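What follows is a single structure, written as C-alpha cells, with notes after it.
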2 protein chains.
Amino acid sequence: MNSRWQALIVVLGTAVTCFLAGAYFQHDHATRQLQKLVQHDPYAYYVSSKIFKVFQFFKIPQDKALSAQRVRLEDIMKYGYPGLDDIHLYSDFVLSYDRRNRVAHWVCEHLRADALGSAAITDRGRGRVRSRSRISYRPDLSVPSNFRAALADYRNSGFDRGHLAAAGNHRTHCDETFYLTNIAPQIGRGFNRAAWNKLEIYVRNLTLRYGSVYVFTGPIYKPKARSNGNWSIEYEMIGSNMVAVPTHFFKVLIVESKLPQGKPYMEAYVLPNARIPDNINLRDYLCDIREIEHYAGLQFFNGLRRSRIFGSNFPRSSQVFQNFG
Amino acid sequence: MNSRWQALIVVLGTAVTCFLAGAYFQHDHATRQLQKLVQHDPYAYYVSSKIFKVFQFFKIPQDKALSAQRVRLEDIMKYGYPGLDDIHLYSDFVLSYDRRNRVAHWVCEHLRADALGSAAITDRGRGRVRSRSRISYRPDLSVPSNFRAALADYRNSGFDRGHLAAAGNHRTHCDETFYLTNIAPQIGRGFNRAAWNKLEIYVRNLTLRYGSVYVFTGPIYKPKARSNGNWSIEYEMIGSNMVAVPTHFFKVLIVESKLPQGKPYMEAYVLPNARIPDNINLRDYLCDIREIEHYAGLQFFNGLRRSRIFGSNFPRSSQVFQNFG
C-alpha cells in the first residue's frame, strides 16, 4: 500500500511538472519569436504591448543575445510614433512616408555622442570631402512605384535635394539617408545651405554636449489666410511624380538629461522653406509644438501632457509664423 | 523487475502527455486571446498573419462562439487596407483619418443585400423621414481635439456635411455614419443632393442585385497644372479647425459574383466636388483606379495585379479629369 501511494505521488508530480514545463516551453518559444518579429516590423512593434499582455502566466524571457543584435526600433521610437502612415525602418532612423505628397511625414533619429564622433560638428562642406562624395541619391524601391519619387523629379527643378535625417548624423549608415524617401525639395541658397544647415549643426552640438538627443524632422504645408476669412492650402509639386514642395520644415528635439533623475528637455523649430536672411538667430524659429502638431497632423509623445515629461517649457506663441506667414 | 518497467513506462507516458497538454493549453489560451485582440484592433489585425505564424506546433483553434460575436474587421477589410494612417473601427465600417486635413483618407464598407432590406433603394429624402430625422451630426471624440472637426466648422461654410459611408447603407448602425470623421465638405446643390446621391443609390441597387458589394469612399485633392509646366495643389479649408474641402470624391466598388467560381467585378468612380449638370450619366465618371491611387496616395487590393482578381477591366483613360480638370 505504501509503495502504491509513492508511485501515485511520483506520477502526479511528474504530470504537474511536465504540464508546466510544456506550457513554459510553448510560452518561451512563442514570445521569443514574437520579440524577433516586433524588432523589425514597425506595426507589430506598435501593438507589441497588447500582444505580450496575452502571455500572462510566465515572465517574458529577456534574451541577451537578442538584445545585442536588436535593431534599433525600440530605441528610436522611445517617445512614440507621431503618426502611423506607411512606416519604414532603416538601420539608424524610422520614417513615415506620405504617399500622396511623395515626401516623408516625419523621420525620427536617436543621436548619441559616441556614435557621432568628434568630427561631427564639422560643417557638411568638410564632411562631404571625406565620405559624402561617394554616396549618390537613389529612389527607395521599398515604396511602390506609383508613390516613389525619382531623381528626374528633382533635376532642373530649382530645388535642392534636402535631407530630413541629416547625412552628417549617421556615420555608419550614411548611405541610407540618401534614399529619396528621406529627401524633400528645399530652397538651396539661404535655406538648405544656410539656416537649415545651421540647425543641423546645432543638433549635433547638443548631442556631443548632452550625450543623447532624439530628433523628429518633417515638412509642413501651411494654410494661408484668404480674403474671405477662410483658409486655403497651396503648394507646388515638382517632376512627373509630383513631389510636393513643403512650405516649412520642422525639427522637434528631445535632449535627455545626464542626471539620473533629470527630466528631458524639449525644443521645437519651424523654418520656412525660403531664402532666410543670414543675420537671423536660430532662437527666432522656436515654435510651440502644438502648432506643428496642428499643421502637420502629427501627435508627439503619444499625446501625453508635455509638462509631465519635460523639464522645460516651450514658448506659448512663436514668432516664426508671424514673420513668415 | 517487470513492475518496475511498467511503472517507468507509466511515468514517461504521463510526462510526455502532460508536457504536450501543457504546451497545448498555453497555445490555446494565447491564440484565443490574440484572436480577440485582432478583432477589435485594426493594427493588430494588420499584422495578425505574422503573429499567428509564430504558433506553429498546433492548429489555431476556431472558436464558434468567437466567430459569431466577431466584429466585422476581418469581413470589411477582405480586400486589404488602402492606407495605414489613423485607422478607426466602427460597427459597420472602417475608416482611415487624415489628421492634417480633418477629413477621412478612406472609408470601407461591406454591403449585403440582407442587411440593406427592401427600403434601401429609396431616395434618402424618403429615408430621412423615417430614421434620419432623429440622428444628429456629432464630432468623434476618439480623435484628439487638435485634429477633430467640429459642427461649427461646417456652419455657414456654404458646404453640405456630406457622408462618405452613406447613411442609407447602414440601417442598424446608421447613427455612426453621422460622426464628423465620416463627413466631408461637399457642394450641396448639384453634387451632394444630386450626382453623389445618384451614385449612392446605384451602389445600393448593385448590392440588392448581386448580394455583396465592398465600397471604398474618399476625397481627392487634385493638383492643377501651372503655367510654368509644374503642378500645384490648392484647396480651401473651412472653420477654425481648418477642415479641408476636397476637389473630388472617389468610390471604388467591388461587386462579388454569386457564382461559386465567379471572379468579383470592380468599378471606380471619381466625381468633382462641384455643381454637376443634371444630364450627365454616371458612366461618364468611371475612372482608372491607378489615377485614384496616384492622387489619393492609396493602394487598393494590397497592390495585387487587378487582372488576377477581377473579371472585368476598367477604362484605360478616364473622361472625368479631362472634363473637370
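The values are calculated or read from the model by the stated rules, or taken from the named source; none is laboratory data. Given the structure is predicted, the values throughout are model-derived calculations rather than measurements. Cβ coordinates were reconstructed from backbone atoms using ideal geometry, including for glycine residues, and neighbour counts include every protein chain displayed. We work out accessible area using only protein heavy atoms, side chains counted, and drop any ligands, DNA or RNA first. Shrake-Rupley method; radii C 1.70, N 1.55, O 1.52, S 1.80 Å.
Restricted to segment A:18-80, the set of helices (runs of 4 or more DSSP H) holding at least 1 residues that are at pLDDT 90 or above comprises A:42-46, A:48-52, A:73-76. The residues in segment B:276-300 that are surrounded by fewer than 21 Cβ atoms within 10 Å (Cβ to Cβ), away from chain A (no Cβ under 11 Å) and either assigned to a helix (DSSP H, G or I) or of a type outside the set (Val, Ile, Thr) (or both) can be counted, and the count is 9. Within segment B:198-222, the residues that satisfy the criterion of being buried (at least 18 other Cβ atoms within 10 Å of the Cβ) and assigned to a loop (DSSP other than H, G, I, E, B) are B:Tyr221, B:Lys222. Looking only at segment A:130-148, decide whether some residue is at pLDDT 85 or above, at the interface with chain B (Cβ under 10 Å from one of its Cβ atoms) and in contact with a Lys or Arg (Cβ under 6 Å, 6 or more places away or on another chain). Yes, segment A:130-148 contains at least one residue that is at pLDDT 85 or above, at the interface with chain B (Cβ under 10 Å from one of its Cβ atoms) and in contact with a Lys or Arg (Cβ under 6 Å, 6 or more places away or on another chain). Among the residues of segment A:58-77, at least one is more than 7 Å from chain B (Cβ to nearest Cβ) and closer than 30 Å to B:Leu8 by Cβ.
Within segment B:155-197, the set of residues being over 18 Å from B:Thr247 (Cβ atoms), more than 20 Å from the chain's Cα centre (by Cα) and either in contact (Cβ under 8 Å) with a residue 60 or more places away in the chain or outside any helix (DSSP H, G or I) (or both) comprises B:Arg155, B:Asn156. Which one of these is in contact (Cβ under 8 Å) with a residue 12 or more places away in the chain, facing another protein chain (nearest Cβ under 7 Å) and open to solvent by 30 Å² or more (accessible area, probe 1.4 Å): B:Tyr24, B:Tyr46? Being in contact (Cβ under 8 Å) with a residue 12 or more places away in the chain, facing another protein chain (nearest Cβ under 7 Å) and open to solvent by 30 Å² or more (accessible area, probe 1.4 Å) holds for just one of B:Tyr24, B:Tyr46, which is B:Tyr46.
Scanning segment B:249-262 for residues that are within 22 Å of B:Ile292 (Cα to Cα), at pLDDT 95 or above and within 14 Å of another protein chain (Cβ to nearest Cβ) turns up at least one hit.
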